[in-house]
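Every number here is computed from the coordinates shown, using simple stated rules; none is lab data. Quick caveat: nothing in here was measured; it's all calculated off a predicted structure. A quick note on method: Cβ atoms are made from the backbone with ideal geometry, for glycine too, and the neighbour counts reach across all protein chains shown.
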Amino acid sequence: MSSSNRWLGWITVVLVLHMCEQMLFGLGELETLKRAIGAYDRLFTNVDMATVVLVTIVAGLNFLGYFSVLKGGRARFVTLSVLGLIAVSEVHHLIETAWALHYTAGTVTAVPFVACGIQFLRALMKEQGSNVSVGRPQS
């Protein structure tokens, strides 16, 4: 098993723990998400249509990601790099806590989330550098 695969596995475990921490101690991000979805819904005259379009986009991006990982090469690298950057972006919990000067929900598990994201990206870069056939069609 490659190093990036192991780190992706740890990111998955920490993601579940992170969501559990937020469900136990506060869903502040949910309000932000609701506002964003509300703004998106207002772009449409029919809220049901907005939901179907959003679900279609999200499902399409998921399947594109799956396909890219299975294809390998540069497509795999780009897709997994995006996932790694999402993990690293959880640093916002640490910034929120520093700003508030007290614990905010998600901070405890944000530390390993960010650390795993950084290690994952490092492993991807190392694998990318050692793979000379990246970007070329595989037979």
| task | Considering the convex hull of the alpha carbon atoms of the stretch 29-139, report its projected area averaged over all viewing directions, in nm², one decimal. | result | 9.4
| remark: Taking chymotrypsin sites (Phe, Trp or Tyr not before Pro) as exposed when in a DSSP loop with at most 15 other Cβ atoms inside 10 Å, the chain has its longest clean stretch at 45-102
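Under 8 Å for C-alpha pairs, at least 6 residues apart: give me the relative contact order for the chain, rounded to a whole percent. Spell out each step's value before the answer.
On the way: 101 pairs, mean separation 52.2, N = 139.
Relative contact order of the chain: 38 percent.
Give a quick list of trypsin sites (Lys or Arg not before Pro) in the stretch 25-103 that DSSP marks as loop, anything other than H, G, I, E or B, with at most 16 other Cβ atoms within 10 Å.
Values: sites: Lys34, Arg35, Arg42, Lys71, Arg74, Arg76; in loops: Arg42.
Hits after loop and neighbour filter: Arg42.
Taking the alpha carbon gyration tensor of the stretch 75-120, what are the square roots of 5 times its eigenvalues, largest first, to the nearest whole Å? Display every interim value, and only then the final one.
Working: eigenvalues 123, 15, 8 Å².
Whole-Å semi-axes of the equivalent ellipsoid: 25, 9, 6.
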